[in-house]
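These notes concern the structure reproduced below.
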Amino acid sequence: MNIRKVGLAVVLLNVSATYLYAQVSVKDTLRKEKNIEEVTIKASGNKKSESALLLDQKKAIIQKQSMGSEEISRKGISNLEQALVKMTGITSVEGRGIFVRGLEDRYNTLLINGLGSPSNNPFQKIIALKQFPTDVVGKLNIYKTFNSNLYADFAGATFDIETLTYEKPFSKIEFGIGINTLSTFRNNFKINPNANSIEGYVGLNSKDRQLPNEVKDYRPSGYNFTSGQSRNSFGEGWNVDNVKSLPNTSMGFTTAQKFKIGETSNLGFLFSLNQGNHYEYKDGAKNQFRLNGNSIDYNNNLNRKEYTYETESSVLLGLGFKNKGTAINLNGFFLQNSENLIQDYLGFRNGETNNQQFIRVNQQDISRFTDLQLTASQTFSERHSLKAGASWVNNFYQQPDRKIMYGQPGEGNIVNLSVGGNNLLRQYLDVSGKNYFSAFAEYAVNLGQKGDRKDFPWQLAVGYNGFADIRNTSYRFIYSVLDNPSQSQITVDRDQPQSVFDQAIRDGAYHYREGSTSEYKNNLYQFVNAGYLNLTYKPSALWDLLLGGRVENNMNITRYKPISVGINDDFVNLTKNQYYFLPSLSVKRTLNTKSNIRFAASKTITRPILIEYMPITYINPDNENIFGNKDLSNSENYNFDLKYEVFPTNKEMFAVNIFAKKIDKAIERSYIASGNSNGQTITFFNAKTATLAGVELEGILSLSRISEAFSRWTVGANTTVMYSNVQRSADQSAETDVEANRKRALQGAAPWTVNADLKYEYKNAQNFAKTFSLIYNVSGKKIYGVGFSKLDNIFEMPFHQLDFVYNNQISKNWNIKFTVQNLLDSKYQLKLGDKSLVQVQENSLLMENYKKGTSFNMTVGYTF
C-alpha cells in the first residue's frame, strides 16, 4: 500500500485534492494543449508522486520545489532534514541546520500547513528538521522566491510542510535498527546514569536535573547551601556510567482512516506515534588561537571526546472533515527531543602550555514542542473562496544542571582538582515559550470571463497572517565555594567522583553557592501582524503575472537587566517597532508545452536567531563563550531571480536559474577577544550591506536517452555557484579584513554546492518496485566566523557525503529499506584561514575536527 511518509509528529492534516491530468500525443503547440484541457477525465492520480510534483512545479506561477511521499519513500528518507538536502542548492551543516544557496539557517522560515512555527531551540532559527519523522508528511514545499502571502522573514527559503492526506485508508508499523562504525558496540561509552534508564529512553529524565527547591522559585540572592543541602538538594550527582553502546533503534505506528458521512461528506482520522534512540561518538581536536604579542599561537590545544545518547518522540493526532467545497482540519502534535551529552577535554587552555587539564561536561538538552492547529477552507462558487487557520504552540527548551568540572589528569581515571574558582560549576538554562500564536485568513475572488479558457483572467486575494511569540529565559549558576583551604585539593575517579565530593562536603572542605547575576532573566516578546494583497493576471495562455504587496508590522520588546544593576532593580525595556512595505512580482512566460521562463523580484527581511540577540553570555568550558547582541537589527533584503526550465517528459526536467540579492544590515557571526582576557567570544554584528549573485543548474534525466539498456536508470543533479561581497559596518571596524583593507565573502555563504543522485528502479510482474540509489552532496569552503584582532576568518571545510539507499516493496504489505550513510567517512573540519596579519607559530591551522563514521540502517515496514 502506498504509504505517505509523514513523520513529523508535526502535523496537521489537510484533506487531499483529486489530481487530474492527461497526456495526448499531439503536435507540441499551445493551441493543441488548450483543447486537451477541455476534456474531463474521471480518474485520479497520485498528487504526491514525483511526476505529479514536477507538473505542479511547471504550472505554478511562483518558483517552488516540492518533494512528495513517493520520493521520500524511494530515497529511504527517515526525517525532513534528509529530504531537504536532496533539493537544489540546499545543504545540511553539522549542528547548525539547513543552508539554502549557501545562506545560513537564520535566513529560513518554517511553516506547517501554512501556519507559523517557532524554533524549539534558541541556537537555531527553525526546528531541527531531523526531529520530524516523515511518516506523516504528504508533501514538503520549498519556496526560494517570495510571494506576499508568505512571512516576510525570507532570504534563503520558506519551508512549508503539508500533512499526510486521507487519500486511502492504511495502517503501518515500522521497526528500524542501525549501527555505526564509530559509535556502535563501543565499550566504555559514557552516559549519565539517569539517561541510562527507561525514563531516559522516553526523555523524562530531566526532572532530576531541575534547580534545587531552595532557589527555584526565588530571585538569585547568593544563596549558600548548607552541608546537607549541598549533598542532598541536587537531584543527580557527578557520576557517569560506562556502558556498551547498542545499535540505534526506531519504531513507528501510523494509521489514516476515512469514513463516509452521508452522500457527500467524509471524515478523516490520522494518528502517528514514533520513538527512536541514537548513540553517537566523536573524537577530535577543539583548538583556539590567540594574538600573543606579534604572533599567533594556541590559546587552547584540546582533544575532545563526545558521547551523545539521543532520544526522539513524536505523537500526531489529526481529524479532517470534507463536504463538497468545505474542508476543516484539526491537528495536534507533540515533539520531544532529548540529547544526553558527555564531553571530555584533554590538553591545555588559556595559553597555559604546562598546565595539562582534564575537563568534563555533563549536559542534557531537552525540548518539548506541542502544536494545536485548526484550519478551514470554503469554496462558495468558482469565483469566491475563503480559507483561514490558527494555531497555539507550547514551546519548551532546557539545559538543566549542566555540570562542568576540571583538574589535572593522573594515572588511569584519576583527576586531581581544586575546589572553588568556578570549578564544579552547575548551569541551568531555561527558554520557555508557553504561548506562541499564529493565524492566517485569505479571501480570493476570480474576476473577468473565462471564455474558452480554463482559468479566469484575474484573481484577487486579500489576506492576513501573523504571530505572537512570548518567551521567558532564565540562566542561573551554582558553583563550589572553598571553606577550608587545607582541603582545597581533591583526588577523584573522573567517572565516580560523587562519594568523594559528598565526603569532602561533610568534612567542611566546600559548599555550593548560587552565583547568578542580574542578567539571569529576560523576557522576549515578538509580535508580527501583516496584511497582503495578491493580484494574478493571465492575459493569455502564454503569460502569468502575480503582483503582490505586503505591509508588515514587527514589534520586538526585550526586557533585560544589565550586569551593572542589581538583581532587584527594574528591567530595562528595549522596544523596536517597525513597519515594512514589501512588494513582490512573479512573471511566467510559457514558451511551449515543455518549457517556461520565469522572473521574480521582491523585498523581504531577516530576523535574527534567538541566541543572536538574547542578552546573555552563554558560558562554555573552553572559554569560547557566546554573547547575544541585543542591538541587532533586522536585515532588509532585495531579491531577484531569472529562471529557464524545460520538462522533456513528465519525469524529466532541466533548469537554469540566475539569482541576485542585496542584503542591507546582513547579520554575521564574529570571533572577538573575550572580555576577561581569556579565550574568545562569539558574537553577532550587522554588516552595512552584502551583495550576492549566482546561478543554479538542475537536471533530472532518464538514461534511456542514451540507450534503452539504461531505461531503468535515472540521474538527477543540481549545483549552485555563488559570489558574495560584504561592506562592513562601524561595529566591524576591528575586523582583520578591514584592517588589511581586504574584501571578503558573506559569513556562512558557500561559493558552491553540489547535490546528485543516481537511481535504478525495477518493477516485477506484480508492479512492486525495487530501487537502488546513490545520493551525494557537498558545499564549498565558507566563512564560519569572521576574524578579529589580526586573526584570519575561521572557515568551514567541505564535507563530502555519499549515501546508498535500497528500497524494496516486497509485497502489498511488506517493505524493506536499507541505507548506508556517509560511505566516504568524511571528516568535519574548521580551520583558521592562512591570511592572518601576523605569523602563526603553530604547525597546524586546525581548530576543530571529527569523523561521524559510516552508518548502516535497516527498516522493515508492514502496511495493512
Query raised in the report: Separation of the stretch 125-200 and the stretch 821-853 by C-alpha centroid, Å?
Result: 29 Å
Query raised in the report: What is the Cα centroid distance between the stretch 575-647 and the stretch 458-524, reported in whole angstrom?
Result: 34 Å
Query raised in the report: At what distance in nm do the modelled label points of Thr593 and Ile414 sit from each other, each positioned 7 Å from its Cα along Cα→Cβ?
Result: 8.4 nm
Report task. Return the whole-Å distance between the Cα centroid of the stretch 648-677 and the Cα centroid of the stretch 351-398. Result -> 23 Å
Report summary line: Between the residues Asn592, Phe768, Val415, the Cα farthest towards the positive end of the dipole of the chain, that dipole coming from +1 and -1 charges on the beta-carbon of Lys, Arg, Asp and Glu, is from Asn592
Report task. List Glu263, Glu796, Glu339 from most exposed to least, where exposure is judged by having the fewest other Cβ atoms within 10 Å. Result -> Glu263, Glu339, Glu796
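Which of Lys403, Lys603, Lys244 comes first, and how do the rest follow, when ranked by fewest Cβ neighbours within 10 Å?
On the way: Lys403 21, Lys603 18, Lys244 11.
Fewest-to-most Cβ neighbours within 10 Å comes out as Lys244, Lys603, Lys403.
Assigning unit charges at the beta carbon (Lys, Arg +1; Asp, Glu -1) and nothing else, what dipole magnitude in debye, to the nearest 20, does the stretch 76-191 show about its Cα centre?
Values: 12 positive and 10 negative charges, 56 e Å.
That gives a dipole near 260 debye.
Could you list His511, His384 so that the one with the fewest beta carbons within 10 Å of its beta carbon is first and the one with the most is last? Mind dumping the intermediate values first?
Numbers: His511 20, His384 13.
So the residues, fewest neighbours to most, are His384, His511.
Treating only the Cβ of Lys, Arg, Asp and Glu as charged (+1, +1, -1, -1), what charge dipole size does the chain show about its Cα centre? Round to the nearest 20 debye.
On the way: 97 positive and 81 negative charges, 550 e Å.
Charge dipole of the chain: 2640 debye, to the nearest 20.
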Requested in this report: Positive end of the charge dipole of the chain (Lys, Arg +1 and Asp, Glu -1 on Cβ, about the Cα centre): tell me which of Ser488, Val137, Asn556 has its Cα farthest that way.
Outcome: Val137
Report task. Enumerate the amide H contacts of Gly628 below 5 Å, restricted to partners 5 or more residues apart or on another chain; note that Pro and chain-start residues carry no placed amide H. Result -> Ile616, Tyr618
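Gain in length, Thr181 to Phe396, computed as 0.36 nm per residue apart minus the alpha-carbon separation, to one decimal in nm?
74.0 nm
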Query raised in the report: Taking a 18 Å limit on the Cα-Cα distance, which of the listed pairs Lys286/Lys835; Lys538/Lys662; Lys603/Lys662; Lys58/Lys450; Lys561/Lys630 fall beyond it?
Result: Lys286/Lys835; Lys538/Lys662; Lys58/Lys450
Report summary line: Quick calc, Asn224 & Asn568: beta-carbon distance into FRET formula, R0 22 Å, rounding 0.05, result 0.75
Report summary line: Taking the stretch 6-863, the equivalent ellipsoid from its C-alpha gyration tensor has semi-axes in Å, biggest first, of 48, 30, 28
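Every read-out reported here was derived from the displayed coordinates using simple, explicitly stated rules and does not represent laboratory data. Just so you know, these numbers come straight off a predicted model, no measurement behind them. Glycine gets a Cβ as well: all are built from the backbone with ideal geometry, and neighbour counts include every protein chain shown.
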